[in-house]
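Engineer: The structure that follows is given in the form of structure tokens.
Nothing in this text is a laboratory measurement; each read-out follows from the coordinates by a stated rule. These numbers come from a predicted model, not from an experiment. Reconstructed Cβ throughout: ideal geometry from the backbone, glycine too, with neighbour counts over all protein chains shown.
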Amino acid sequence: MLTAPLSPRLHAVIRIALAVVGGLSLLYAFPPYGQWWIAPFSVAANIVAVRGTRWWVAFLLGLVQGLAFFIPLLKFVEVAGTDGWFILAAWCSLWIGLMSIVVMLVQRLPLWPLWIACAWILQEMLRSRVPFGGFSWGRLAFGASDAPVTSLASLGGAPLLTFLLALMGALLVWVVIRARKCDFVRAGIGVAGAAAIVVIGIVLPLPTAAEDGSPYIAVIQGNTADIGMSAFDQARAVLDNHVKETKRLAEQVAAGEAQQPQLVLWPENASDMDPYANPSVYTEISSAAQAIGVPIIIGAVIGYPGDPTRVANAGIVWDPVTGPGEFYIKRHPVPFGEFVPFRDILAKLISRFERVPRDFGAGTWPGVLTAGGVTIGDVICYEVAYDDIVHDAIIGGGQVLVVQTNNATYMGTHQPDQQWAITRLRAVEHGRSTLVAATTGISGWITPDGAVVQELPLMQSDHFVGAIPLRDTLTLSDRLSYWPEYLASLAALIAAIWAVVTRRRLRRDAALDSRENPEEEPIA
């Protein structure tokens, strides 16, 4: 008995449903849900949804899948404005739409699962760079900080992890297609390939032992007076909290209740006033450094060097004797949050940009600071989501990775959990102990294999002191630098061009055949 073919309308409904389910399900691969294994199924849904369609249909289906994913993932942006939330989600979704065109095209090529995995890398690379430095949130790798394959980030960074997760999804579709054609040998190869990825990830060793000592380092979480957009409305309240918590640690050290640290870390914006421009702020920070007796790396907003029209988000080494010394300026300020592109036009249309009266200037050198005999690789807040920023800090000599962050604006959302997962992945990728100092949390200590040793409670003034293993050895990921990402992206472009050329040649050959062998007209 023959089954009637599906109607075009039903085909369209199924494709749209696959796109929506694929996008919504991908959300659950990310914190706070953390079901990493869903990511390959989401990739598979995208492949099946766009398979055999036209380019504009593939784009629209990819756009739908992107919206279904990014709208709920980026809900934390709503704190700054609902319009910004939807615009950002739509922009990120456009890249999924463009990638889906490539996914549709390359399925006609040999070894197409490889080219689809490369297409995911190309999409993430471009989205993380364009425009205004891009927006890196929501990469497949960032949902896999607890996956069996996480260790493979030490070989090729976040791009390799994305590649492997996408490849697993593509192999899933490959296996189903081959099995339906009774090609069980090739189906078995696909299953073996996916299994091999997981097994290698499980058995790959990740060194964690100290190579250059284990100095005691303290992390201070001073808390803020409020959360959301009003977290810093009370002048000096945040600074006072961090000074008070540092002095509480000093009292514990004096009483023998805590270990004397060699270095103390404060979060981003721990000083909510410029210490260079405010003598009383300068004095208060110095009093905290003198109380604990070691350098503090503070986070502060300062005037941008050489440009009085701009400010800078900086990490500053504050010595108890000599005061402020070397500093790092955030290289990737947040578009529309720390600087306003097209300010002359947008400021007249959107009143909340008044909260950013002066643009933050970008730093020009990596975050490598030396304090208390320790060379740290410093990144500030969401810079941790950008491969080059973290890579440069470690290549420049960082023995421990430090993330100074202020997530007070996003308390009550999933953003702190998502950033914490990214940070855990970076610890593995670069083989470094990682310390996070956050105003309101999540502050903590992560080992080079991604394990969490210490995590302070949210929205509380607290601190910890730990013996932090310092490491100098560079991972293969750091040695290879950006080349795997560039080569995979190039492969995706070449595959897409190859697919287009092949498609046109087949159409041309088919047209020639129809002219050379016209169907005979029936005799009346």
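Engineer: Percentage of Cα-Cα pair distances in segment 43-190 greater than 21 Å, rounded to whole percent?
Structural biologist: In whole percent, the share of Cα-Cα pairs in segment 43-190 beyond 21 Å is 47.
Engineer: Convert 37 °C to kelvin, take the viscosity as 0.692 mPa s, use the Kirkwood radius over C-alpha pairs of segment 216-472 as Rh, and evaluate the Stokes-Einstein diffusion coefficient in µm²/s, rounded to a whole number.
Structural biologist: Estimated via Stokes-Einstein, D reaches 182 µm²/s.
Engineer: How far apart, in nanometres, would the label points at R310 and R248 be if each is projected 7 angstrom from Cα along the Cα-to-Cβ direction?
Structural biologist: With each label point 7 Å from Cα toward Cβ, the separation is 3.8 nm.
Engineer: Using helices alone, I'd like the mean residue ellipticity at 222 nm for the chain: each DSSP H run of four-plus residues gives -39500 (n - 2.57), total over residue count, nearest 500.
Structural biologist: -15500 deg cm²/dmol
Engineer: Given points 7 Å out from each Cα along the Cα-Cβ axis, report the V203 to F132 separation in nanometres with one decimal.
Structural biologist: Simple spin-label model gives 4.8 nm for this pair.
Engineer: Please get the size of the charge dipole for segment 216-472, origin at its Cα centre, with Cβ charges of +1 on Lys and Arg and -1 on Asp and Glu, quoted in debye to the nearest 20.
Structural biologist: 220
Engineer: Now for a different question. Please go through the residue pairs K75/K247; K244/K330; K75/K244 and name each one whose alpha carbons sit more than 32 Å apart in this structure.
Structural biologist: Those over the limit are K75/K247; K75/K244.
Engineer: Report, in whole Å, the centroid distance computed from the Cα atoms of segment 256-316 and segment 399-444.
Structural biologist: The two parts, judged by their Cα centres, are 19 Å apart.
Engineer: Then there is this: What's the FRET efficiency of T322 with D212 using the Cβ-Cβ distance as r and R₀ = 25 Å, to the nearest 0.05?
Structural biologist: Working from the Cβ atoms, E equals 0.50.
Engineer: Where in segment 403-436 is the amide nitrogen less than 12 Å from a point lying 7 Å along the Cα-to-Cβ axis of A451?
Structural biologist: Nothing falls inside the zone, counting backbone N under 12 Å.
Engineer: Compute the Kirkwood hydrodynamic radius of the chain, taking the inverse of the mean of 1/r over all pairs of distinct Cα atoms, and give it in Å to one decimal.
Structural biologist: After inverting the pairwise mean of 1/r, the radius is 24.7 Å.
Engineer: Follow-up. If you take every DSSP beta bridge whose two residues both sit in the chain, what share of them, in percent to the nearest 5, is antiparallel?
Structural biologist: In the chain, DSSP labels about 60 percent of beta bridges as antiparallel.
Engineer: Can you tell me the 0 to 90 degree angle between the C-alpha axis of helix 55-73 and the longest principal axis of the chain, rounded to 10?
Structural biologist: 30
Engineer: Could you give the size of the charge dipole of the chain about its Cα centre, using +1 on the Cβ of each K and R and -1 on the Cβ of each D and E, expressed in debye and rounded to the nearest 20?
Structural biologist: So the dipole magnitude of the chain works out to roughly 2020 debye.
Engineer: Compute the helix-to-body angle for 483-516: its Cα long axis versus the longest principal axis of the chain, expressed 0 to 90° and rounded to tens.
Structural biologist: 20
Engineer: What is the spin-label model distance, in nm, from T370 to W498 if the labels are put 7 Å beyond Cα along the C-beta direction?
Structural biologist: Each label point is offset 7 Å from its Cα along the Cβ direction, giving 4.9 nm.
Engineer: Still on this structure, please answer the following. Which listed residue (V402, V219, G337) has the Cα farthest towards the positive end of the charge dipole for segment 216-472, taking +1 on Lys and Arg C-beta and -1 on Asp and Glu C-beta about the Cα centre?
Structural biologist: G337
Engineer: For segment 10-136, build the charge dipole from Cβ charges (+1 Lys, Arg; -1 Asp, Glu) around the Cα centre, then report which of V13, G52, I87 sits farthest towards its positive end.
Structural biologist: G52
Engineer: Stretch D274-E78 to full length: gain in nm at 0.36 nm per residue minus the Cα-Cα span?
Structural biologist: Separation in residues times 0.36 nm, less the Cα-Cα distance, equals 67.7 nm.
Engineer: Restricting to Cα pairs below 8 Å that are 6+ residues apart, what does the relative contact order work out to for the chain? Please round to a whole percent.
Structural biologist: Values: 1069 pairs, mean separation 84.9, N = 524.
Once normalised by length, the contact order is 16 percent.
Engineer: What does the extension gain come out to for A237 and I14, with contour length at 0.36 nm per residue minus their alpha carbon separation?
Structural biologist: Full extension of this stretch gives 74.8 nm more.
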